[in-house]
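Participant: I have a structure here, written as structure tokens, and I will follow up with some questions on it.
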Amino acid sequence: MRATGDGRPREHEALLGALVDDQLRAVRCVEQAADALVAAAEAVADALRKGGRLIYLGAGASGCIAIQDGAELPGTFGLDIESVAFVSPGGDPFGALVGSGGEDDEEDARAALDTLALREGDLVLAVSASGSTPFTLAGARAAKARGARLVSIACRPGAPLFEGADVSVLLATGPEAVDGSTRLGAGTAQKAALGVISTLACAKLGHVHRGMMVNLRPDNAKLRARATGIVARLADVDQATAAAALEHTQFDVKAAIVAAAGRLDAEAAKALVADCGGDLAAALERTQRGAKFQTRA
């Protein structure tokens, strides 16, 4: 095997190039699915707004990617932890990756949905690179039969997972650089698509303002520092004022922004945000119009 000048085998250098190209192509596939991604985000936002749950369904690498996306939503966007759920083989995101056969267990998927007591207002986000994984397919069909809405993500045109879906997201990634390894291009496309859907949905729910996370849960030092910065920027105050507003509002970021910007006490700021349905832009506009709420002494 011939080597390059730095000692790397030429075959490995060719593989490196193919892998990088594969990743870039995967992201372009996500861009091409823009309309479907917007429709999926609107469906997710509508379900959450009406009190339904967002349920991620998947097995193997796709299941792990789905769980990673959903697990970050409560901390990043302040979603109620009870509003996000997961369906994976045996309840274990890694089960199908260690030769357990979980990807083929259709009854396990149906039983998991029984345990969740799936209801009409819920939305199931089903992810499968092939679009024909038996576990995921059985779960998707059961979800539709029980009245839930279904968003399906797959990387193969005409995949069975698209049948009956309310929204179908095709990520046409094509052949992998390493044949059959769907954690590569397909995995990248799935992760990007899920991130786009969940972030757009949370933006539609009012949890993103001027490109910042205004509903995060600052439950550790890193997030408290981030929240302080967000309050300072959006309320146009210094760090000390922002930190004080967060403390007074029990680290309710939206209320802290309104309190600092409008010189309101914590309860008045929370009441104003609630009166605006959690819409920070509307609450800030009302403070600028001089809405009459009790101010701090």
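Participant: Note down the nm distance, to one decimal, between modelled labels 7 Å out along Cα→Cβ at Arg28 and at Asp236.
Facilitator: In this crude spin-label approximation the distance works out to 4.4 nm.
Participant: What's the angle, to the nearest 10 degrees (0 to 90), between helix 253-262's Cα axis and the longest principal axis of the chain?
Facilitator: For 253-262 against the chain, the angle is about 30 degrees.
Participant: OK, next. If I compute solvent accessible area with a 1.4 Å probe over the protein chains, what percent of it on the stretch 215-297 is carbon and sulfur? Walk me through the numbers on the way to the answer.
Facilitator: On the way: 2050 of 4440 Å².
For the stretch 215-297, the apolar C and S fraction of the accessible surface comes to 46 percent.
Participant: I'd like the per residue volume of the convex hull spanned by the Cα atoms of the stretch 213-297, given in cubic angstrom. Let's see the in-between values first.
Facilitator: Details: hull volume 6.6 nm³, N = 85.
Given the Cα convex hull of the stretch 213-297, per-residue volume reads 78 Å³.
Participant: Turning to a different aspect of this structure: Along the Cα→Cβ direction, 7 angstrom out, place labels at Ser83 and Glu42. What is the inter-label distance in nm?
Facilitator: Going by the 7 Å Cα→Cβ label model, 2.0 nm.
Participant: To continue, here is another question. With the contact rule set at Cα under 8 Å and sequence spacing of 6 or more, what percent relative contact order holds for the stretch 222-290?
Facilitator: That works out to 23 percent.
Participant: Enter the angle in degrees (range 0 to 90, nearest 10) between the Cα long axis of helix 134-145 and the first principal axis of the Cα atoms of the chain, meaning the one along which they spread out most.
Facilitator: Helix 134-145 and the main axis of the chain meet at about 50 degrees.
Participant: With just the Cα atoms defining each centre, how far is the stretch 208-257 from the stretch 40-91? Give it in Å.
Facilitator: 25
Participant: Build a GNM of the chain with springs between Cα atoms under 10 Å: which of Ala47, Ala112, Ala14 gets the top mean-square fluctuation?
Facilitator: Ala14
Participant: Does the stretch 9-98 come out rounded, prolate or oblate by the C-alpha gyration tensor, with a ≥ b ≥ c the root eigenvalues, rounded set by a/c under 1.5 and, if not, prolate when a/b is larger than b/c and oblate if not?
Facilitator: Cα axes put the stretch 9-98 in the oblate bin.
Participant: Please work out the average accessible area per residue across the stretch 221-278, using the 1.4 Å probe convention, and give it in Å².
Facilitator: Details: 2660 Å² over 58 residues.
In whole numbers, the stretch 221-278 has 46 Å² accessible per residue.
Participant: If R0 is 30 Å, what FRET efficiency do you get for Ala225 and Ala282 from their C-beta distance, rounded to 0.05?
Facilitator: That pair, Ala225 with Ala282, gives E of 0.65.
Participant: Evaluate the stretch 113-253: find the radius of gyration of its Cα atoms, find its Kirkwood radius, and give the ratio Rg to Rh.
Facilitator: For the stretch 113-253, the value is 1.13.
Participant: Moving on to the next point. If R₀ is 45 angstrom, what is the calculated FRET efficiency for the pair Asp114 and Leu16, using the beta carbon separation as r and rounding to 0.05?
Facilitator: It comes to 0.45.
Participant: Using just the helices of the chain, give the 222 nm mean residue ellipticity in deg cm²/dmol: DSSP H runs with n ≥ 4 each add -39,500 (n - 2.57), and the total is spread over all residues, rounded to 500.
Facilitator: About -16000 deg cm²/dmol.
Participant: Something else now. Could you check which residue among Leu37, Leu161, Leu79 shows the biggest mean-square fluctuation in a GNM of the chain with a 10 Å Cα cutoff?
Facilitator: Of Leu37, Leu161, Leu79, the most mobile in the Gaussian network model is Leu79.
Participant: Angle check, please: helix 185-204 long axis (alpha carbons) against the longest principal axis of the chain (alpha carbons), in degrees 0 to 90, nearest 10.
Facilitator: On a 0 to 90 degree scale, this one is about 20.
Participant: If the elastic network links every pair of Cα atoms under 10 Å, which of Glu120, Glu13, Glu285 fluctuates the most in the Gaussian network model of the chain?
Facilitator: So, out of Glu120, Glu13, Glu285, the one fluctuating most is Glu13.
Participant: What fraction of the DSSP beta bridges in the chain is antiparallel, stated in percent and rounded to the nearest 5?
Facilitator: Looking only at bridges with both residues in the chain, the antiparallel portion is about 15 percent.
Participant: Could you grab the Rg to Rh ratio for the chain? Cα atoms only, Kirkwood for Rh.
Facilitator: Taking Rh as the inverse mean 1/r over Cα pairs, Rg/Rh reads 1.07.
The values are calculated or read from the model by the stated rules, or taken from the named source; none is laboratory data. Fair warning: this is a prediction, and the values are worked out from it, not measured in the lab. Because the Cβ atoms are built from the backbone with ideal geometry, glycine has one as well, and the counts that use them run over all protein chains shown. Note: areas computed on protein heavy atoms with side chains; ligands, DNA, RNA excluded. Shrake-Rupley method; radii C 1.70, N 1.55, O 1.52, S 1.80 Å.
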